[in-house]
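Student: So that we are looking at the same thing, I have put the structure below in structure tokens.
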Amino acid sequence: MTSTGGAADERALLDERFDAATLHRLRGRVAACAIATGMAASRVPDLVLAVHELAANAVRHGAGAGQLLVRAIPGGALSFQVSDTGQGPETWPVRPGHGLWIVREIADRMTMSSGPDGSRVTAVFGSHAGAIGAAG
């Protein structure tokens with residue numbers, strides 16, 4: 001896992017670029033990272049699904065690739081930020097697919113920004129479901 005700095009109260013655990021050919025490897029690294037940080041085993045499949053959905057959106061709707069930044073947040077939470085450069089055919093759709101809906105449902109918190117310079121979505125998971133507050 002790679003440390004890249006960031007906010008003083010957050011610790012970067014993983015900073016990795018991905019594309020369609022490496023999504024499977026990304027899922028494995030996300031799971032390993034979550035387990036290594038003490039995430040509840042019951043949460044790991046949900047956060048792997050959420051990150052996969054976000055990464056697949058970056059590949060499909062972005063420039064065919066993206067970047068994942070995983071940070072540890074004090075209190076045992078993990079932040080998963082997926083971004084792309086926005087040089088693809090469109091920005092991420094909010095309604096047509098179900099990927100973003102799934103992430104909103106299973107993450108404790110989700111934020112999204114999208115524009116001509118790219119899209120960035122951050123999903124935060126507490127160590128136990130609902131540990132941070134309501135999704136949205």
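Laboratory data are not the source of any read-out in this text; all were calculated from the coordinates shown. Owing to the predicted nature of the structure, the values given are computational and were not obtained by experimental measurement. Quick reminder, even Gly has a Cβ in these numbers, built from the backbone with ideal geometry, and neighbours come from all protein chains shown.
Student: Express the relative contact order of the stretch 11-125 as a whole percentage, based on alpha carbon pairs under 8 Å and six or more residues apart in sequence.
Tutor: Across the stretch 11-125, relative contact order equals 27 percent.
Student: What is the packing order of peptides 39-45, 69-75, taking the mean over residues of other C-beta atoms within 10 Å and listing the highest first?
Tutor: So the order, starting with the most tightly packed, is 69-75, 39-45.
Student: Compute the whole-percent fraction of alpha carbon pairs in the stretch 11-125 spaced more than 18 Å apart.
Tutor: It works out to 44 percent of all Cα pairs.
Student: Sorted by packing (mean other beta-carbon atoms within 10 Å per residue), highest first, where do 25-38, 55-68, 114-127 land?
Tutor: Ranked from most to least packed, the peptides come out as 55-68, 114-127, 25-38.
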